[in-house]
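Beneath this line is the structure, given in structure tokens, with notes to follow.
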Amino acid sequence: MAEIVAGVGTSHVPAIGAAMDNGKTDEPYWRRLFAGYEKARQWMAETAPDVAIVVYNDHASAFSLELIPTFALGVASAFSPADEGYGPRKVPVVEGHPELAWHLAERLILSEFDMTLVNQMPVDHGLTVPLSILCGEVDPWPFKVVPLCVNVVQYPPPTGNRCWNLGKAIRAAVESFDEDLRVVIFGTGGMSHQLQGERAGLVNAKFDAEFLDQLTQDPEALTRRPHVEYMREAGSEGIELVMWLIMRGALGDNATEVYRHYHVPASNAAAGLIILQSGPRGGDAA
Ligand code: DHB
Ligand code: FE
């Protein structure tokens, strides 16, 4: 049987990937951010999952306003890094897991989540930067990836409650997959940031800290938070955080915080990272 062993929440700020790609991680601007990633990378290497389900959003790379799937599941055997204007990042092609992805498609759609199934999907910083943050500079990536792309760009994005319930359905679907796979689920995006308009550059560290606390301790309270509250408190792109509720929903009722790192600034955004394990600390992880 497959199982979800842990969840990771992380920002996907493109400049973090660019700092790695251009050898700038030791520069004063970046040093402290990357120092905080060391423990997370160690944890990732030790955890060594077979597959990661990466919940992320596309930024007009694979999709555009011509086609806006709310939940798009990548069922292909490979996903190439997208060209976001400077050529594709020089990171490995992301290897998929079609068998698990099609199993998820079946279980989720028959559980009444109307997933869009995608056989070809270039993946942008929303997916590749989290992999770089957790894995460092590696070739190939150390695990297979099932991408789950969520619309948080064009109003209306899915509600937090819908994301939470989708996470729960993902947990049940993974647990009914007939192969011994260890799966980690990523929720990506955020934290507070706004990229344009009068409030461009907005960061709300208090909101971010409370979000991280609640994600572990009281996620159901987060499921009731309306979109407008994210927009007001965490900036227009802070809405990306609803995707973390899919990750959290997939961990079951109880989760334990293993590690947290928060740093400002990263480009125009706050960069946050949290690692969660299923089950209460010291308790039965089932
Ligand atoms: C930036 C872009 C993002 O997609 C994001 O989530 C955070 C920051 C940026 O361009 O700085
Ligand atoms: Fe983003």
| said: Could you compute the net charge surrounding A18? Neighbours are other residues with a C-beta less than 15 Å from the C-beta of A18; K and R count +1, D and E count -1. | reply: -4
| task | Mind giving me the FRET efficiency for D178 and V228? R0 is 51 Å, r the Cβ-Cβ distance, nearest 0.05 is fine. | result | 0.75
| request: Sort M115, M247 so the one with the fewest other Cβ atoms within 10 Å of its own Cβ comes first. | output: M115, M247
| 5 angstrom amide H check on G189, placed H, neighbours 5+ away | T10, S11, H12
| Between rounded, prolate and oblate, where does the stretch 85-212 land on the alpha carbon gyration tensor, with a ≥ b ≥ c its root eigenvalues, rounded for a/c under 1.5, else prolate if a/b exceeds b/c? | oblate
| Quick one: of the DSSP bridges fully inside the chain, what percent are antiparallel, nearest 5? | 50
| query | Within the chain, what is the number of lysine pairs with alpha carbons under 26 Å apart, leaving out pairs fewer than eight places apart on the same chain? | reply | 7
| query | How much net charge surrounds I246 when only other residues with a Cβ under 10 Å from its Cβ are counted (Lys, Arg +1; Asp, Glu -1)? | reply | +3
| field | Charge dipole magnitude, Cβ of K and R +1, D and E -1 - the chain, Cα centre, debye nearest 20 | value | 620
| note | In deg cm²/dmol, rounded to the nearest 500, the helical mean residue ellipticity at 222 nm of the chain, built from -39500 (n - 2.57) for every DSSP H run of length 4 or more, is -10500 deg cm²/dmol
| request: Mind jotting down the distance between the C-alpha centroids of the stretch 201-275 and the stretch 90-126, whole Å? | output: 24
| query | So, by mean Cβ neighbours within 10 angstrom, what's the order for 59-71, 210-222 with the highest one leading? | reply | 210-222, 59-71
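Throughout, read-outs are computed from the coordinates displayed, never taken from laboratory work. These numbers come from a predicted model, not from an experiment. FYI the Cβ positions are ideal-geometry reconstructions off the backbone, even for glycines, and counts take in every protein chain you see.
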